[in-house]
Amino acid sequence: MHRFLSISLKSNSLRRHHSSLSLYTHLSNPLNSANGSSYAHHHFYQNPTSQFGFHPFFSSGYSSLTGFYTNPTGFYFMKPPFRSFSSETDRESMEYDVLIVGAGPAGLSAGIRFKQLCRENNVDLSVCVVEKGPEVGAHILSGNVFEPRALDELLPHWKQEEAPISVPVSSDKFCYLTKDRAVLLPSPFHNRGNYVISLSQLVRWMGMKAEELGVEIYPGFSASEVLYDTNNKVIGIGTNDMGIAKDGSKKDTFQHGVELRGRLTLLAEGCRGSLSEKIIKNYKLRELRPAQHQTYALGIKEVWEVDESKHKPGVVLHTVGWPLDHKTYGGSFLYHMKDRQIAIGLVVALNYHNPFLNPYEEFQKLKHHPAIKPLLEGGTVLQYGARTLNEGGFQSIPYPVFPGGAIIGCSAGFLNVPKIKGTHTAMKSGMLAAEAAFGVFNEGLNMETYWDTLQNSWVWEELHKARNYRPAFEYGLVPGMAISALEHYILKGRSPFTLKHGKPDHEATEVALLHSPIQYPKPDGVLSFDVPTSLHRSNTNHEHDQPAHLRLRDPKIPELVNLPDYAGPESRYCPARVYEYIPDEKSQLKLQINAQNCLHCKACDIKDPKQNIEWTVPEGGGGPGYSVM
Amino acid sequence: MKIMVAIKRVVDYAVKIRVKPDKTGVETNNVKMSMNPFCEIALEEALKIREAGLASEVIAVSMGPPQCVDTLRTGLAMGADRGIHVEATTGLYPLNVAKIFKRLVELENPGLIFLGKQAIDDDCNQTGQMVAGLLRWPQATFASKVVLDKEKQVATVEREVDGGLETLSLDLPAVITTDLRLNQPRYATLPNIMKAKSKVIKKYTPQELNVDIRSDLEVVQVTEPPKRKAGVIVSSVDELIEKLKNEAHVI
């Protein structure tokens, strides 16, 4: 029985009162740009009917950057420096008890767990999941060797209920690659009892299970802004306005976004979630723990259909070394799924130094390696895709609770780097958040319970044990492997020290002067392909007549800094060729943003040297269309 | 006046399709399906006419497997008043669809029928024309503009034809199939999706409607088009003529 919406065209009198105070600090507003950049444009169209006159942030109230206050639970929170109060009077609003942003493993696990608790306790509470992809699973990409630990707890009868988990791991190999050879090394992984799956397929199944329990899932709607009340508490999200043309004007099909209010809001947007990043910054959740910055890697993946004779379901292979050099952390994976399908991909840590590195081209090189080539010959590529993933682990997890909700899954960052698995921990975090949320409604408890149960769970224990592997590679591949071996075989996770991460990924890029361009071989069209061909296989599409969702905080920086100092790295690390430097009429190279290609991987948001590129969410229903990734 | 709109559930236009290994058809397993783009345009036109006060009700009709209900729900979310689902597990060819449609028209008595000009999976471009033929109603296909005159019960339709634009005047009831430039379909908003959950979808089977859906057509094989061969640069006109004559057999 879901709670029916209240389609009230209400204007919140509280908010109106506050907006009239409009404390617009004109001085150091980083979002205001001289030529009225498209970022300001975006906000204008969130509030077209404001009565406070025409200027980009007329409806926002700015409070001072300093100033602590205690919220009712006794925790100190700093006032966020930017509050957006919509003075929308004609935006509809819908209310739920729990609002979840993102229909991925974490979001759906939270929804399922919450509804299970409702059933067990004979309580009727509403759960809404909003998802930017065109359908559940369309934006899900992962290796994936699945550890069923969390699923066993969540839906113990998954096998009888025909979850798409059917290929147990049959062999688990680890190789060091040189240009011509593959050297077998002792495998640091223990994948017995795990399964080779397509996470996109599993998430679709979980979506069905969630709907059976009464969770309302709405794919095709992007959560583009967080809604706050007068006490800086998160009260929900607003979806994107749809039907805005490239120049910002309203098309005939214009539809206002909708306000989705939740008594609790759970952010499950995946790695580098756009709203999660804003929340973490606003509430200073990293400082609160305290946690280090998050570090990331970019994973580029293809699913191939190969010859029956070459296909061995359950075979798992990981490699390090070639084509990456010893200063670049990363490696490849090759998993045999069912139906003659194999998943193959390359993961490159985004703290690489060489601005000329092109992770996509490195992946193409990899497929030509003599140990890998024979497997792929005669096969066809079914799908292609890319996504960033967290590598910060234990040291980078922010305090995941904020007034009005919590952050779950990869948006917080629970991936276990040495295991290369984040699905099971993301799911468990969703389940724990759901249990805490239920406690809030049913017993008047606090969302901080989520933090406590997280720290007492196997997620924490696992991530704590795994914390030193990745930072060890700051010293290079060989020292990294040595320290990893030390951790794994001798210290067995009981190390007395905690290594720290190096510079944030975007600061690690060195200037182009210190490096020389890398000559990548041309694609042969059989094993390796050019970007447009690969992109076509990702089923990516966006409504082309919409404002570009990739915003430049300062539109001059690409030509003033990125191009001369770093040789335009965004034109190399983007796996979808969104960024291109094209000569204009005066033969000057100018940045062209092909936003329609975007795979929603978030690499640009992470790696841009001056953090000038901001990934914002486009109109819902766009983006890739993964089905077997 | 009621308007009936035909809606087909097809492979989404952005998906890269491939042929099934056994060559019996296109792989539709694990593939995103959506409403046929021309059907969206047809539904949008019907909704516009209803909103102009010239029609009382828009009924969305779909035929096929149980999942068609999802596509119908999208149609209801766009604004259709109710839906009809004719469940058929075997494939339906245009003539079968047209025959079932005729039966539904006899039951519902609409004054106007909209269909998309063709479905993007089979590109048949036949159903609308067959429906008009079976019902003996006037038809206007490839409509790029529709103007209704309710008093005179006449529809003036501009059609996109090879030579340009042709304007036809049809007495109602009539069948119109829609082309790309007719309108821009609206988005289904969240509140409308929620409202659509409570709208009615009536289910029928072809047997209940007394329609025989055996087909005279049978798909024998589906293959990918042959890969484009690389071009050959010829060095002289003589060589060109020789190749055109002996290899391409065109002169």
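From B:46, B:77, which residue is within 14 Å of chain A (Cβ to nearest Cβ) and either buried (at least 17 other Cβ atoms within 10 Å of the Cβ) or part of a loop (DSSP other than H, G, I, E, B) (or both)?
Only one candidate passes the filter, namely B:77.
Condition (residue is farther than 30 Å from residue A:260 by Cα, in a strand (DSSP E or B), away from chain A (no Cβ under 14 Å) and among the acidic types (Asp, Glu)) applied to region B:166-186: is it met by at least one residue?
So far as region B:166-186 goes, yes, one or more of its residues are farther than 30 Å from residue A:260 by Cα, in a strand (DSSP E or B), away from chain A (no Cβ under 14 Å) and among the acidic types (Asp, Glu).
When you check residue A:340 against the structure, is it among the charged types (D, E, K, R) and surrounded by fewer than 20 Cβ atoms within 10 Å (Cβ to Cβ), yes or no?
yes
If I go through region A:494-516 residue by residue, how many of them are of a type in the set (A, V, I, L, M, F, W, C) and assigned to a helix (DSSP H, G or I)?
Matching residues across region A:494-516 total 4.
Which residue, of A:552, A:560, A:589, is more than 14 Å from chain B (Cβ to nearest Cβ), at negative phi and in contact with a Phe, Trp or Tyr (Cβ under 7 Å, 6 or more places away or on another chain)?
On inspection, the qualifying residue turns out to be A:589.
Results for (1) touching a helix residue (DSSP H, G or I) at 6+ places or on another chain (Cβ under 7 Å); (2) crowded, with 24+ Cβ neighbours inside 10 Å; (3) free of Cβ contacts under 8 Å to residues at least 24 places away in the same chain; (4) at negative phi, shown as yes or no for each residue.
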residue: A:353; (1), (2), (3), (4): yes, no, no, yes
residue: A:358; (1), (2), (3), (4): yes, no, no, yes
residue: A:363; (1), (2), (3), (4): no, yes, no, yes
residue: A:373; (1), (2), (3), (4): no, no, no, yes
residue: A:379; (1), (2), (3), (4): no, no, no, yes
residue: A:403; (1), (2), (3), (4): no, no, no, yes
residue: A:406; (1), (2), (3), (4): yes, yes, no, yes
residue: A:414; (1), (2), (3), (4): yes, yes, no, yes
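Mind checking which residues of region A:184-220 are assigned to a loop (DSSP other than H, G, I, E, B), hydrophobic (A, V, I, L, M, F, W, C) and touching an Asp or Glu at 6+ places or on another chain (Cβ under 7 Å)?
Within region A:184-220, A:189 is the sole residue that qualifies.
Counting only residues that are over 27 Å from residue A:543 (Cβ atoms) and acidic (Asp, Glu), which one in region A:86-124 is farthest from the other protein chains (Cβ to nearest Cβ)?
Among them, the one singled out is A:120.
Evaluate region A:125-137: report whether one residue or more is part of a loop (DSSP other than H, G, I, E, B), farther than 17 Å from residue A:200 by Cβ and either within 14 Å of another protein chain (Cβ to nearest Cβ) or not charged (D, E, K, R) (or both).
Yes, region A:125-137 contains a residue that is part of a loop (DSSP other than H, G, I, E, B), farther than 17 Å from residue A:200 by Cβ and either within 14 Å of another protein chain (Cβ to nearest Cβ) or not charged (D, E, K, R) (or both).
Go through region B:120-141 and report how many residues are in contact with a helix residue (DSSP H, G or I) (Cβ under 8 Å, 6 or more places away or on another chain), in contact (Cβ under 8 Å) with a residue 40 or more places away in the chain and within 26 Å of residue B:167 (Cβ to Cβ).
So the count comes out to 3.
For the subset of region A:245-265 comprising residues that are more than 11 Å from every other protein chain (Cβ to nearest Cβ) and in a strand (DSSP E or B), which member is surrounded by the fewest Cβ atoms within 10 Å (Cβ to Cβ)?
Ranking the candidates gives A:250 first.
Could you count how many residues in region B:187-208 are away from chain A (no Cβ under 12 Å) and assigned to a loop (DSSP other than H, G, I, E, B)?
Number satisfying all stated conditions: 6.
For region A:517-612, list the strands (runs of 3 or more DSSP E) that sit wholly inside it and hold at least 1 residues that are closer than 30 Å to residue A:322 by Cβ; which are they?
Filter on region A:517-612 gives A:579-583.
Just checking, how many residues over region A:180-195 are surrounded by 11 or more Cβ atoms within 10 Å (Cβ to Cβ) and farther than 17 Å from residue A:416 by Cα?
Final tally of qualifying residues: 4.
Any idea which of A:506, A:542, A:515 is touching a residue at least 60 places away in the same chain (Cβ under 8 Å), surrounded by 13 or more Cβ atoms within 10 Å (Cβ to Cβ) and closer than 22 Å to residue A:396 by Cα?
Unique residue meeting the criteria: A:506.
Of the numbered conditions (1) more than 14 Å from every other protein chain (Cβ to nearest Cβ); (2) crowded, with 24+ Cβ neighbours inside 10 Å, residue A:288 fails exactly one; give the number of that condition.
(2)
Name the residue that is farthest from the other protein chains (Cβ to nearest Cβ), counting only residues in region B:10-35 that are over 19 Å from residue A:629 (Cα atoms) and in contact with a helix residue (DSSP H, G or I) (Cβ under 8 Å, 6 or more places away or on another chain).
Checked region B:10-35; the qualifying residue farthest from the other protein chains (Cβ to nearest Cβ) is B:35.
Laboratory data are not the source of any read-out in this text; all were calculated from the coordinates shown. Not measured: the values here are computed from a predicted model. So basically every Cβ, Gly included, is an ideal-geometry build from the backbone, and we count neighbours across all protein chains shown.
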